[in-house]
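Structure first, commentary second.
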Amino acid sequence: MRNRFDRQLQILDEQLTHMGELCEVAIANATKALREGDAKQARAVMSADEEIDQMEKDIERLCLKLLLQQQPVAKDLRRISAALKMITDMERIGDQTSDIAEIVLSSNGYSEDELVTIGVMAGEVSKMVRDSVNAYVSKDLELAKNVILEDDAVDTCFEEVKEQMIAYIKEEKGQRGKQIFDLIMVTKYLERIGDHATNIAEWVEFSITGVHRNNAMLMKED
């Protein structure tokens, strides 16, 4: 019975890893669509969001099956509970990449200078998503803590882009107001993706330690 349960936990790890990879690809493709003004790529990102949504449902079903059929002990229960929380954040990451893609479809393109920091942000949040999921699978507490610390760099990027865009508005006297506002929204979506990756890392901490830093949740060892 335990062997079968362990195999199902392995499948859970594999599915979470795949969902994380889908999120990474969506972030990269949304950023590429923005940089290149590629409407076809943007629509593909929006379609990929549907696959992420389906992964959330599949993983949720597996978690509920494990909870109902296996009656896991505390350590396993934390792991499954954390997975249920993580997929909610990953699903929202998919939504936010889709939101960026919608902006691409309604835009007239942007200059390279305007997109430099946004590209850096996209790379940072993508790494945070990858590392947070890897921390769960490998039970790596230090990696999870590093993801949480990396959110500060993403927040700094957001503030830099916001200030840059405000300067553009002043220089151009509002002539490209919509485009500049759209870029601020893109950076806000990326900042939120960083927040979701941080949430995932915090649930990884909980799955390992039994304590969630935001609400002091504690689940003792069985």
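Within region 123-142, can you find the residues that are hydroxyl-bearing (Ser, Thr, Tyr) and in contact (Cβ under 8 Å) with a residue 24 or more places away in the chain? Outline the logic, then answer.
Restricting attention to region 123-142, the residues satisfying the condition of being hydroxyl-bearing (Ser, Thr, Tyr) are 126, 132, 136, 138.
Correct list: Ser126, Ser132, Tyr136.
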Top-ranked residue of region 126-148 - restricted to ones that are among the acidic types (Asp, Glu) and open to solvent by 50 Å² or more (accessible area, probe 1.4 Å), ranked as farthest from Ala82 (Cα to Cα)
Glu142
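Being in contact with a Phe, Trp or Tyr (Cβ under 9 Å, 6 or more places away or on another chain) and at pLDDT 95 or above narrows it down to one of Met19, Met86, so name that one.
Numbers: Met19 fails: in contact with a Phe, Trp or Tyr (Cβ under 9 Å, 6 or more places away or on another chain).
None of the others qualify; the one that does is Met86.
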Report yes if some residue within region 149-160 is modelled with pLDDT under 90 and either open to solvent by less than 20 Å² (accessible area, probe 1.4 Å) or closer than 17 Å to Ala28 by Cα (or both); otherwise report no.
yes
Restricting region 65-80 to residues that are closer than 20 Å to Glu14 by Cβ and without any contact (Cβ under 8 Å) to a residue 24 or more places away in the chain, the one nearest to the chain's Cα centre (by Cα) turns out to be Leu67
Of all residues in region 179-199, count the ones that are open to solvent by less than 10 Å² (accessible area, probe 1.4 Å) and at pLDDT below 95.
4
Give the residue that is nearest to Ala82 (Cα to Cα), with candidates limited to residues of region 1-32 that are buried (at least 19 other Cβ atoms within 10 Å of the Cβ) and among the β-branched types (Val, Ile, Thr).
Ile27
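Being over 19 Å from Leu16 (Cβ atoms), without any contact (Cβ under 8 Å) to a residue 40 or more places away in the chain and of a type in the set (D, E, K, R) is the requirement here; does Asp152 meet it? Give the steps one after another, and end with the answer.
Values: over 19 Å from Leu16 (Cβ atoms): yes; without any contact (Cβ under 8 Å) to a residue 40 or more places away in the chain: yes; of a type in the set (D, E, K, R): yes.
Against the criterion (over 19 Å from Leu16 (Cβ atoms), without any contact (Cβ under 8 Å) to a residue 40 or more places away in the chain and of a type in the set (D, E, K, R)), Asp152 qualifies.
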When Glu202 is run through (1) modelled with pLDDT of 90 or more; (2) in a loop (DSSP other than H, G, I, E, B), the failure sits at (2)
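The values are calculated or read from the model by the stated rules, or taken from the named source; none is laboratory data. This one's a predicted model, so the numbers in the text were calculated from it and none came from an experiment. Methodologically, a virtual Cβ is constructed for each residue, glycine included, from the backbone with ideal geometry; neighbour enumeration extends over all protein chains shown. Each accessible area value is taken on the protein alone, full model and side chains, heavy atoms only, with ligands, DNA and RNA left out. Shrake-Rupley method; radii C 1.70, N 1.55, O 1.52, S 1.80 Å.
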